[in-house]
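Taking it in order: structure first as C-alpha cells, then the write-up.
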Amino acid sequence: MNINIQKETLELPLSQIIGVVEKRQTLPILGNVYLELNENRLTLVGSDLETEITTLVNNISGSDGKTTVSARKLFDICRALPSESQLSLLVEEDNKMVVKAGKSRFTLQTLSAVDYPRLEETVWKQEFFLSQQQLHNLLTRTSFSMAQQDVRYFLNGLLIEIRDNEILSVATDGHRLAKTSVAVDDLGVNQFVQSIVPRKAVIEIAKFLDAGSKDKVTVKLNASHIMVHSGEFMFISKLIDGRFPDYEKVIPANLDKHIIIDRLNLIEILSRAAILSNEKFRGVSLNISNKVLKVSSHNPDQEYASDEMGIEYEGEDIEIGFNVNYLLEALKACDSEQIDLGLLDPNTSCTFHSAGDSDTLYLIMPMRL
C-alpha cells in the first residue's frame, strides 16, 4: 500500500478524527487511524467503540490497500512539516509505515486493518435535513449546560427532541438548564422523537460544523444511534439509553419581575466580580432596585468586590445569588445586545433569553451566599 498526498489534505481529516481516538485506550488499535485507499479514494476512520468518524478524500494517487497507524503520531508529523509538503506513506511487509516528505523520514508501527473495530451497520428510523448553521446553533447554545461524569448518566448528554416542524435541544446538569429550538420546513419526521446524544459526540460534531454555512446536513436516528453526514464527513455515535427529565416542569411560569439588561455590560461586571468570588462555590450577589443592578462578591479571605450598572426595571427590590460561571457561560452563548431576565424571589430559579427571542431560554437555580 502506498499513498501520495499533500500535507494539508491529510492534516484536515486527521484533525477531525483525533478528538474521537482514545488517549487511554483499552485496545491499542483504538489509538490508530484506519486508512484505506481504493480506486484513488482515501478513507480515514477514527473510533472509540462509542463514536466513529469517517472522512473521505478523493483523487489520491498510490496503490490500493488498508492499514492502521497511530493517529496522534501521524497528525503530529503532518503538523511539524512545512506547508504544502508532499508526503509519501508506504506500508512495508514488516508492519511498518515509512512516511517521507522531502528529506524527512519517519518509520511508524502499524496494526492490521482487519482487526480495526467498526460500529455495526444499523437501520435508521428517522431522517431529516437542516443547515450546518442550524445544527451548530442547536449544539453550541445549549451544550455547555451538560453534566460531566454525573451518576445520573442521562444528564451527561444533550437531548434532541423533534415535534411537528421543530427541533429542540436541551441540556441540564441539575443546577442550570439551556433550551433552544429551530424551525425546519418539511422536516419529514411525523412522530415525537427524543434522543440523548453523549457529551463527547456533541462536542466533536460541533467542531466540524460551519457556524455560518447554509449547506445541508443529513441527520439520521434510531433507538440506539445517531448519524450526522455532510459532504465527505460522516459521524456515528451511540445514544445514551435513558429517560431525560421533564424539562418543561422545572421552568417557572409565574415570574413577575422582568429586567432588561445590556448583555455585554453585564458580562463585564460579572467578570470583575468573579475575581474575588469564593473559588469553590463561585457565588455572586445580584441586588436589583429601580433602574440599578449592583453585583457583589466576597471570599473566605474577607476580600470584597462590587460593581453596578443601569437597567430597565421598575419594581420592588430583590437580592439573589448565583454561580457566576453559570451566568457567564449562558450570557456568552447569547448574541443579542440585551437580555430579558425573569425573576420571582430569591429562592426561585431565574430565566433569561435574548430580548425579542423566545426560541432560546436559560434557567439557573439560585444559591445562598
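Every number in this text was worked out from the coordinates using simple rules, so none of it is lab data. The model shown is predicted, which means the values in this text are computed figures rather than measured ones. Note: ideal-geometry Cβ built from the backbone for every residue, glycine included; neighbour counts use all protein chains shown.
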Under a GNM of the chain (C-alpha, springs under 10 Å), which listed residue has the highest mean-square fluctuation: K249, K257, K66? K249
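For R105 and D64, compute 0.36 nm times the residue count separating them, minus their Cα-Cα distance, and round to one decimal in nm. If you can, show how the numbers build up before the last one.
Details: separation 41, 0.36 × 41 = 14.76 nm, distance 2.16 nm.
Using 0.36 nm per residue and subtracting the Cα-Cα distance, I get 12.6 nm.
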Cβ-based exposure ranking for I196, I236, I29, in which fewest neighbours within 10 Å come first: I29, I236, I196
Taking semi-axes √(5λ) of the Cα gyration tensor in Å as the quantity of interest, determine which of (i) 28, 26, 24; (ii) 36, 22, 21; (iii) 46, 24, 18 was computed from the displayed structure. (iii)
Quick one: among I18, I60, I160, which has the greatest mean-square fluctuation in a GNM of the chain with alpha-carbon springs under 10 angstrom? I60
Report, to the nearest 10°, how far helix 263-274 tilts away from the longest principal axis of the Cα atoms in the chain, using its own Cα long axis and a range of 0 to 90°. 90 degrees
For the chain, size of Cβ-based charge dipole, Lys and Arg +1, Asp and Glu -1, in debye: 1160 debye
Three-way shape call for segment 2-115 based on the alpha-carbon gyration tensor, with the a/c threshold at 1.5: rounded
Which FRET efficiency value, to the nearest 0.05, is calculated for I318 and F192 with the Förster distance at 35 angstrom and r the Cβ-Cβ distance? 0.40
Taking Cα atoms, the helix 7-17 axis meets the longest principal axis of the chain at an angle in degrees (rounded to 10) of 50 degrees
Counting each DSSP H run of 4 or more residues in the chain as -39500 (n - 2.57), what helix-only mean residue ellipticity at 222 nm follows after dividing by all residues, to the nearest 500 deg cm²/dmol? -5000 deg cm²/dmol
Would you look at the GNM of the chain, springs on alpha carbons closer than 10 Å, and say which of Q194, Q149, Q133 moves the most? Q149
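Given the Cα-Cα distance of T122 and E232 and 0.36 nm per residue of separation, how much length would full extension add, in nm? Before the final figure, lay out each step's value.
Details: separation 110, 0.36 × 110 = 39.60 nm, distance 1.96 nm.
Fully extending the segment from T122 to E232 adds 37.6 nm.
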Quick one: Cα centre-to-centre distance for segment 226-284 and segment 120-145, in angstrom? 18 Å
